[in-house]
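**Student:** For reference, the structure I am asking about is given below.
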Amino acid sequence: MSTDADTTPTPAPRRHPALALVVISSAQLMVILDATIVNVALPTIRTALHFSPSNLEWVITAYSLTFGGLLLFGGRTGDLYGKRRMFMIGIAVFAGASLLGGFATNEAWLIISRGLQGVGGAIASPTALSLIAINFAEGPERNRAMGVYSAMSAAGGATGLLLGGLLTSYVSWRWVFFVNVPIGALGLFLAPRALLESTPNPGRLDTPGALTATGGMLSLVYGLTNASTHSWGAPGTLIPLVAAVVLLASFVMIERRAAAPLMPLSIFGNRNRSGAYMMMLLLGMAVFSMFFFLTLYLQLVHHYSAVRTGVSFLPMSFGIMLSAVTTAKVLTRVGIRIPLLIGPSFALIALVWLTQLKPDSSYGFVIVPLVILALGMGQCFVPLTVAAISGVAPNEAGLASALLNTGQQIGGALGLAVLGTVAVSSARHYATAHRGLPGVLAAATTHGDTRAFIVAASLMGVGLLTSLLVIRQPKGAPGGPGAPEELAVVA
């Protein structure tokens, strides 16, 4: 949440603008990379630490929930206490939690360390984005810096998949966590030498809002995940779900009355902006858990190595980057509405395709929907960002952007909880019904995955309807207020 005042740096000579960009982009790469580098190592982690199928989801979910749930809070700390200071604190927490996770010897240890990584990421990521506004002048210079920053974010997915496979296969799964430590240490060393500090603003942290929002989401996901191992009527399911309703309702009441709310509800007054948030939430729910299921499918059913699995996903990662860059270039001519109809349509086609997955499906059968999905996702990200920040007041630009990222992270966590519950329950029922038959475990795993993809396709269908019925072309030229140059104000 940036204001005109908080982007005014403490006077100091800017001696190393290139180094500043390296520090900011490297930190973002580390945080984004962590979302995918762990995926490839999941089957190995499952065996090494004796994870149950339902608890394995929490290796991903613990990170996504704390990261997404605290993004707004992390951005606010930068406003109040100085962005460079909080950026360094976020990196320190992230790197320290990574070191802790690398030494994990049981489920609880690793899950807690992943949650702490999310806390560090939630502080470092929004402050890193805001530091671009402080360290680079508005105009072409800042636009170039934003381009590098965005490229690092996109490259993090591809790099994480490949690096995760290499480290898991040739060193140890523990190094998917240890690798963050030297990157974080270098960032902490260079940050005070390369980055300018913002002027702290007087104000209060909306701690009750942050606690109720994050606690509510944790309770909701825990209740949904618990349903896969017990039942919807079990106390372990009902109590967390009731607690989630109470906490999230309390969050809304707190935000309505707070003098300095974490999430001013007025931000949702714009139709396109609210539609963009809803679409990103649904996109996160439908798409981001797909990595989890396909990683297990390729390694457990087809017995791919971690390296081969990482390489198998690379076409998708590069497809997202190519599609996003292309969409950004044509957005001034076609506007946001066309790509926000084509993108979800491609994603829906891909997810429907994956519902036909079989235990003996070839890699060719898998890669085609992955590429289609990549093209669709790439067409969504840039126009969704533009829709989210267009027309906001300068002091709400950071909030508008952070809410979009929050929707993506929370959507991913919720999607994994819902789809994971469907997959585990369906696989268990299939295995029970076909006990004793050859290849029943592979068939049961695939059956659970396809049932999850059916739910994912349904969610994506709702996303497409949201785009069709809610998103409207801004007034003016084809690109309207949604020209790519507006991305520069995200900071």
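The values are calculated or read from the model by the stated rules, or taken from the named source; none is laboratory data. As the structure is a prediction and not an experimental result, all values here were calculated from the model. Positions of Cβ are backbone-derived with ideal geometry, glycine not excepted, and every protein chain shown enters the neighbour counts. Side chains included, ligands, DNA and RNA excluded: accessible areas come from the protein's heavy atoms. Shrake-Rupley method; radii C 1.70, N 1.55, O 1.52, S 1.80 Å.
**Student:** How about region 230-326: which chymotrypsin sites (Phe, Trp or Tyr not before Pro) there are in a DSSP loop, with at most 15 other Cβ atoms within 10 Å of their Cβ? Display every interim value, and only then the final one.
**Tutor:** Details: sites: Trp232, Phe251, Phe268, Tyr277, Phe288, Phe291, Phe292, Phe293, Tyr297, Tyr304, Phe313, Phe318; in loops: Trp232, Phe288, Tyr304.
Of the chymotrypsin sites (Phe, Trp or Tyr not before Pro), the ones in loops of region 230-326 whose Cβ has at most 15 other Cβ atoms within 10 Å are Trp232.
**Student:** Keeping every protein chain in place, order Tyr170, Tyr81, Tyr430 by accessible area at 1.4 Å, biggest value first, i.e. largest first.
**Tutor:** Working: Tyr170 170, Tyr81 100, Tyr430 60 Å².
Sorted descending by solvent-accessible area, the residues read Tyr170, Tyr81, Tyr430.
**Student:** Largest first, how would Ser274, Ser266, Ser317 line up by accessible area (1.4 Å probe)? Could you put the intermediate results ahead of the total?
**Tutor:** Details: Ser274 40, Ser266 85, Ser317 10 Å².
Accessible-area ranking of Ser274, Ser266, Ser317, largest first: Ser266, Ser274, Ser317.
**Student:** Next up: Taking trypsin sites (Lys or Arg not before Pro) as candidate sites, keep only those in a DSSP loop with at most 16 other Cβ atoms within 10 Å, then name the longest stretch of the chain containing none of them. Walk me through the numbers before you get to the answer.
**Tutor:** Working: sites that count: Arg14, Arg15, Arg204, Arg435, Arg472, Lys475.
Maximal segment without exposed cleavage sites: 205-434.
**Student:** Might you work out the accessible area of Leu195 for me, using a 1.4 Å probe with all protein chains in place, and round it to the nearest 10 Å²?
**Tutor:** 10
**Student:** About the Cα centre, and with charges only on the beta carbon of Lys, Arg (+1) and Asp, Glu (-1), how big is the dipole of the chain? Nearest 20 debye, please.
**Tutor:** Numbers: 27 positive and 16 negative charges, 45 e Å.
For this selection, approximately 220 debye.
**Student:** Something else now. His16: accessible area at probe 1.4 Å, nearest 10 Å²?
**Tutor:** Accessible area, nearest 10 Å²: 80 Å².
**Student:** Can I ask one more? Rounded to the nearest 10 degrees, what's the angle between the helix 17-48 long axis and the longest principal axis of the chain, both from Cα atoms, 0 to 90?
**Tutor:** 10
**Student:** Just to check I understand the Karplus step: with θ = phi - 60° and J = 6.51 cos²θ - 1.76 cosθ + 1.60, what whole-Hz values come out for region 78-86, glycine and proline as x?
**Tutor:** Whole-Hz 3J(HN,Hα) from phi for region 78-86: x, 4, 8, 10, x, 5, 5, 4, 6.
**Student:** What's the FRET efficiency of Thr105 with Leu465 using the Cβ-Cβ distance as r and R₀ = 56 Å, to the nearest 0.05? Don't skip to the answer; put the middle values down first.
**Tutor:** Working: r = 47 Å, r/R0 = 0.84.
Once rounded, the FRET efficiency stands at 0.75.
**Student:** Same structure, new question: Heavy atoms only, probe 1.4 angstrom, no DNA, RNA or ligands counted: give me Met30, Met285, Met278 ranked by accessible area, highest first.
**Tutor:** Met278, Met285, Met30
**Student:** Let me ask something else about it. Once phi is turned into θ = phi - 60°, what whole-Hz ³J(HN,Hα) does the Karplus curve with 6.51, -1.76 and 1.60 give for every residue of region 92-99, x standing for Gly and Pro?
**Tutor:** Here the 3J(HN,Hα) series is 4, 5, 4, 5, x, 5, 5, 4 Hz.
**Student:** Can I ask one more? Taking only protein heavy atoms into account and a 1.4 Å probe, give the accessible area per residue of the chain in Å². Display every interim value, and only then the final one.
**Tutor:** Working: 18890 Å² over 491 residues.
For the chain, the per-residue accessible area is 38 Å².
**Student:** In whole percent, and with a 1.4 Å probe on the protein chains, what portion of the accessible area of region 259-317 is carbon and sulfur? Display every interim value, and only then the final one.
**Tutor:** Numbers: 1220 of 1890 Å².
Whole-percent figure for carbon plus sulfur exposure: 65.
**Student:** Please give the solvent-accessible surface of Thr432 in Å², to the nearest 10, using a probe radius of 1.4 Å with every protein chain present.
**Tutor:** Per-residue accessible area (Thr432): approximately 80 Å².
**Student:** Given the DSSP H assignment, sum -39500 (n - 2.57) over each helix run of at least 4 residues in the chain and divide by its residue total; what's the result at 222 nm in deg cm²/dmol, nearest 500?
**Tutor:** Per the formula, -26500 deg cm²/dmol.
**Student:** Quick one: if you stick a label point 7 Å off each Cα along the C-beta vector at Thr355 and Met253, how many nm between them?
**Tutor:** 4.1
**Student:** I've got another one for you. Once you have a ≥ b ≥ c as the square roots of the Cα gyration tensor eigenvalues for region 160-315, tell me rounded if a/c is under 1.5, and otherwise prolate or oblate according to whether a/b is larger than b/c. Before the final figure, lay out each step's value.
**Tutor:** Numbers: a/c = 2.05, a/b = 1.23, b/c = 1.67.
Verdict is oblate for region 160-315.
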